[in-house]
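Worksheet: the structure to be examined is printed underneath.
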Amino acid sequence: MKSNQVMNILFWHKKSKAGKDGYATVICRITIDGMEKEFSTSKKVDTDHWDLVTKRASGGRDHKAVNLTLSDVESDLETHFKVLRMSHGFVTPQMVRNA
C-alpha cells in the first residue's frame, strides 16, 4: 500500500527559556499530516547566533558541531519515516520519534 503522507521537520530554539548565558535549547518538531511531536535535541545555541531563515546556528562557538548534529537528526528522522511508511503504511510523529 502506497502512503501519501508527508513529514516536515522544523528546528527552533526556546528563546524564552534561555539561560543567563544567552543559550537556549534547540527543539525539533516533527509534523505529519497535521499531527505534531516535539522533542529536545539537547543542543544549545546562543540566541543571537540563530538564523531564523535557515533554522540553523550561524557563527558563535560550536556552531558547526550544532549544525552537524541537527543535520544528522534530520537525516535519521527521514530514514526512519521512510522505513516506517513502507512497513506500516500509516505513520505518526510519535512512531518516528521513538524509532
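Here are the numbers for this structure:
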| read-out | value |
| --- | --- |
| Long-range tail of P(r) for the chain (Cα pairs > 24 Å, %) | 28 |
| Residue-span extension gain [Trp12 to Thr79] - 0.36 nm each, minus C-alpha spacing | 22.0 nm |
| Whole-Hz couplings from phi, Karplus 6.51/-1.76/1.60, listed for the stretch 50-63; x for Gly and Pro | 10, 8, 5, 7, 8, 6, 9, 6, 9, x, x, 6, 6, 5 |
| Which listed pairs, of Lys14/Lys82; Lys44/Lys82; Lys14/Lys43, have C-alpha distances above 20 Å, in listed order | Lys14/Lys82; Lys44/Lys82 |
| For the stretch 92-99, 3J(HN,Hα) per residue [Karplus equation, 6.51 cos²θ - 1.76 cosθ + 1.60, θ = phi - 60°, Hz, x = Gly/Pro] | 10, x, 4, 4, 5, 4, 5, 5 |
| Under Karplus coefficients 6.51, -1.76 and 1.60, residue-wise ³J(HN,Hα) of the stretch 38-45 in Hz, glycine/proline x | 10, 8, 7, 8, 6, 9, 10, 9 |
| Span from the the stretch 7-29 Cα centroid across to the the stretch 77-99 one, whole angstrom | 24 |
| Residue-count net charge about Lys15 - beta-carbon cut-off 11 Å; Lys, Arg +1, Asp, Glu -1 | 0 |
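Values in this text are rule-based calculations from the coordinates and carry no lab data. Note that the structure is predicted; figures quoted are calculated from it, not measured. Positions of Cβ are generated from backbone atoms using ideal geometry, with glycine treated the same way; all protein chains shown enter the neighbour counts.
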